[in-house]
Amino acid sequence: MRTNQNGTSSPLQTVDRALQALDLFGPAQPDVSTVEVARALGIDRSIASRLLGALESRGYVSQDETTQRYRLGIRALDLGAFYLQSHRLVAAAAPHLELLAGSTFGVANVFVLDDGQAVRLASYPARPMTRLRVPAHCTAAGKVLLAALDEPALAWHIQLHGLAAHTSRTITTGEELRQELALVRAQGYALERDENILGRGCVAGPVRDVLGRTVGAVSIGLFASQLPDDVALDRANQIREAALRIGEGLGNRPLMPGTTMRQLRVASMAAMAAAPATAAHVQGPM
């Protein structure tokens, strides 16, 4: 980080620190104190206080008058909502997710890969803006997205993020994952049963843009008991059709790959922190 000759922070350093402060918010930490921000960023408490004050003045965080702790503000949600509204994949997928959910009696979703995880951009029926991020190696949508990576990128993913076990059926070795991804490429879809959450199942297929690149994954979530092999194949055929129509809906312009998607990350955390816990949504399997 660069500082000015008088020892004060440069504008770029201040911006970076503010973004780091926003990154501290998450499902496990919906609010933070000035001391926690200072400790996490390795800065003086006075600097942390000024950073939070600036973010509060812009509506990105708000302070609880009783606890003096900060949570994400409504402006963070505004940005995330605009991100989703302007995302071509979300717009192209919306009508097909509704049709897919209606014909399969499951929950239809569209995912992209970001920071080693599958990130849910949209669902039908609508689902809460929680658990937007799921592990890629043990979910059907994640496996579809990983199958599009070349070997160096896949090796880096495994090295960086690991292959943690979530159930006894989770793939936990690179050899197993490569075999599974080869099968996904060969059959054109991915299947997941009891790998991420016991009792849950999912089938997913790739959404491709005009250049033939996998830019997303469309999935249908059901209970694992609802996905015997013959039914899974039927669902895969329905997903292929939906994915093809979504790809056509993207038009003739290539879709810019989402590599960071920090707007969505902030939006999901803002929704988690700001939305009433009792909001009525349909909750089904991934």
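The values are calculated or read from the model by the stated rules, or taken from the named source; none is laboratory data. Here the structure is a predicted model, which means the values were calculated and not measured. FYI the Cβ positions are ideal-geometry reconstructions off the backbone, even for glycines, and counts take in every protein chain you see.
Looking only at segment 63-81, decide whether some residue is within 26 Å of residue 216 (Cα to Cα), of a type in the set (Gly, Ala, Ser) and in contact with a Gly (Cβ under 9 Å, 6 or more places away or on another chain).
yes
Can you find even one residue in segment 229-251 that is modelled with pLDDT of 95 or more and within 14 Å of residue 119 (Cβ to Cβ)?
No, segment 229-251 contains no residue that is modelled with pLDDT of 95 or more and within 14 Å of residue 119 (Cβ to Cβ).
Can you say whether residue 17 is in contact with a Phe, Trp or Tyr (Cβ under 7 Å, 6 or more places away or on another chain) and part of a helix (DSSP H, G or I), as far as the supplied structure shows?
no
For residues that are farther than 13 Å from residue 140 by Cβ and surrounded by 17 or more Cβ atoms within 10 Å (Cβ to Cβ), scanning just segment 192-215, find the one that is nearest to the chain's Cα centre (by Cα).
Narrowing segment 192-215 to residues farther than 13 Å from residue 140 by Cβ: 198-199, 207-215.
Going one step further and asking which of them are surrounded by 17 or more Cβ atoms within 10 Å (Cβ to Cβ), we end up with 207-209, 214-215.
Details: 207: 16, 208: 18, 209: 20, 214: 16, 215: 14 Å.
Applying the filter and picking the extreme gives 215.
What single numbered condition from (1) part of a helix (DSSP H, G or I); (2) under 30 Å from residue 34 (Cβ atoms) fails to hold for residue 131?
Status for residue 131: all satisfied but (1).
Checking residue 110 against (1) surrounded by fewer than 18 Cβ atoms within 10 Å (Cβ to Cβ); (2) within 18 Å of the chain's Cα centre (by Cα), which test does it fail?
(1)
Would you check if there is a residue in segment 95-102 being assigned by TED's automatic domain parsing to the domain that holds residue 147, within 16 Å of residue 240 (Cα to Cα) and under 16 Å from the mean Cα position of the chain (by Cα)?
Checked against the condition, which is being assigned by TED's automatic domain parsing to the domain that holds residue 147, within 16 Å of residue 240 (Cα to Cα) and under 16 Å from the mean Cα position of the chain (by Cα), segment 95-102 yields no hits at all.
Report, ordered by the first and then the second residue, all pairs with beta carbons closer than 7 Å, sequence separation of six or more or different chains, a first member in segment 76-105 that is surrounded by fewer than 16 Cβ atoms within 10 Å (Cβ to Cβ), and a second member that is among the hydroxyl-bearing types (Ser, Thr, Tyr) and not in a helix (DSSP H, G or I).
Sorted first by the residue in segment 76-105, then by its partner, the pairs are 98/124.
Give the residue that is nearest to residue 119 (Cα to Cα), with candidates limited to residues of segment 62-75 that are in a strand (DSSP E or B) and touching a residue at least 60 places away in the same chain (Cβ under 8 Å).
First, pick out the residues of segment 62-75 that are in a strand (DSSP E or B): 62-63, 70-72.
Subsequent filtering for residues that are touching a residue at least 60 places away in the same chain (Cβ under 8 Å) retains 71-72.
Details: 71: 22, 72: 20 Å.
Filtering segment 62-75 for residues that are in a strand (DSSP E or B) and touching a residue at least 60 places away in the same chain (Cβ under 8 Å), the one nearest to residue 119 (Cα to Cα) comes out as 72.
Mind counting the residues in segment 142-180 that are assigned to a helix (DSSP H, G or I), surrounded by fewer than 18 Cβ atoms within 10 Å (Cβ to Cβ) and either basic (Lys, Arg) or touching a residue at least 12 places away in the same chain (Cβ under 8 Å) (or both)?
7
If we scan segment 88-99, do we find a residue that is small (Gly, Ala, Ser), under 30 Å from residue 207 (Cβ atoms) and out of contact with any helix residue (DSSP H, G or I) (no Cβ under 7 Å at 6 or more places or on another chain)?
yes
Each row is one residue, and each column tells you yes or no for (1) outside any loop (DSSP other than H, G, I, E, B); (2) at pLDDT 90 or above.
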residue	(1), (2)
79	yes, no
94	yes, yes
112	yes, yes
119	yes, yes
126	no, no
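When segment 137-158 is examined, which residues are found to be touching a His at 6+ places or on another chain (Cβ under 9 Å) and either within 11 Å of residue 205 (Cα to Cα) or among the hydrophobic types (A, V, I, L, M, F, W, C) (or both)?
Let us first name the residues in segment 137-158 that are touching a His at 6+ places or on another chain (Cβ under 9 Å), namely 137-138, 143, 146, 149, 157-158.
Selection gives 138, 143, 146, 149, 158.
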